[in-house]
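Each remark here refers to the structure printed beneath this line.
Nothing in this text is a laboratory measurement; each read-out follows from the coordinates by a stated rule. Note that the coordinates shown come from a computational prediction; the quantities given were computed from them, not determined experimentally. So basically every Cβ, Gly included, is an ideal-geometry build from the backbone, and we count neighbours across all protein chains shown.
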Amino acid sequence: MLVKKVIFIHLIISLGQEIIIPLDFITMVSFADQLSLWETLYSRIILIGIVVLTGYAFYFQRKRRRRSYREQNLFTRQLIDSMEAERKRIATELHDSIGQELLIIKNMALLALNDLKNKKNVREQLDEISHTASQAIQETREITNNLRPYQIDRLGLKKALESIINRAAQTTTISFTADIDPIDNLIPKEMEIHVYRIIQECVNNIIKHAHAAAGKVTIKRWYNRLNIDVEDNGIGFDVSLQRTQNERGIGLQGIVERIRFIGGTMRIESNPGKGTRVLITIKTYDRIDDKN
């Protein structure tokens with residue numbers, strides 16, 4: 001059996017009393033001091049780490065806010081430029097098409113009035129007036145339809161969207177198809193115009209940029225959501241390299257802003273040579289338990 005030897009030291013205090021303290025106790029006190037020192041060192045390291053991480057998080061958040069602010073300013077400038085370009089386009093159409101046609105009608109009417117005795121010429125002038133007036137009416141309808149599509153109010157959102165696809169199929173070489181569930185009155189009226197413009201811009205992107213042979217628009221309702229799928233078999237593009245300053249970028253950014261405004265989400269799937277697919281989800285306000 002080993003007997004632990006305890007070595008004592010003598011401590012002479014100022015009172016002259018002699019106190020016997022075990023050396024083990026002094027060793028324990030020394031170890032406690034070292035432990036306290038390490039704990040203090042670790043605490044300081046942890047504190048410094050927290051300060052560094054907090055500073056980095058603050059810097060990263062500030063940098064992200066600055067980038068978001070720059071992107072928002074860029075989009076605002078592009079939006080203003082786009083609005084001005086649209087106004088210029090409308091003014092040009094009014095001047096070059098309807099304005100010119102109204103001038104033709106006026107001149108034809110004056111010629112007919114100055115030659116009332118020649119019934120044949122008068123009839124020809126009146127026929128020309130009728131034909132030109134019909135063209136002016138049609139062009140006026142097209143301009144007003146671009147500003148506010150009447151189909152939404154008269155026919156409902158489903159038929160208005162189908163008219164976009166049908167018109168694109170009739171006026172281009174792209175084979176467009178549509179598969180749209182009954183979606184009228186599922187979202188507020190003020191949101192329907194945004195859905196209309198979103199689909200319109202997606203179809204326009206296919207026509208302008210995709211170089212596709214076929215395009216399809218699918219809209220399905222599922223419970224309290226509308227799932228929109230717009231796809232084409234065109235040349236595709238690298239989504240990660242997409243730049244907001246080009247024409248396609250401005251169009252996509254406009255779609256993103258509209259979707260954000262109505263509380264939806266969007267995902268783009270595309271690769272060079274493999275076509276493009278735009279997936280959009282929009283919440284509705286009424287729960288739909290069946291798909292009629």
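Per-structure values
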{"item": "Dimensions (Å) - the stretch 161-268, Cα atoms, principal axes, largest first", "result": "35, 30, 20"}
{"item": "Members of LYS159/LYS216; LYS158/LYS189; LYS216/LYS274; LYS208/LYS283 lying beyond 18 Å, as alpha-carbon distances in this model show", "result": "LYS208/LYS283"}
{"item": "Pairwise label distance in nanometres, HIS131 with GLU71, each label 7 Å out on the Cα-Cβ vector", "result": "5.5"}
{"item": "Most to least packed among 119-130, 156-167 [average Cβ atoms within 10 Å]", "result": "156-167, 119-130"}
{"item": "For peptides 180-188, 138-146, sequence by mean Cβ density within 10 Å, most packed first", "result": "180-188, 138-146"}
{"item": "Computed FRET value (nearest 0.05) for ARG225 with GLU139, which takes r as the C-beta separation and R₀ as 45 Å", "result": "0.70"}
{"item": "Mean Cβ count within 10 Å, highest first, over the residues of peptides 52-60, 260-268", "result": "260-268, 52-60"}
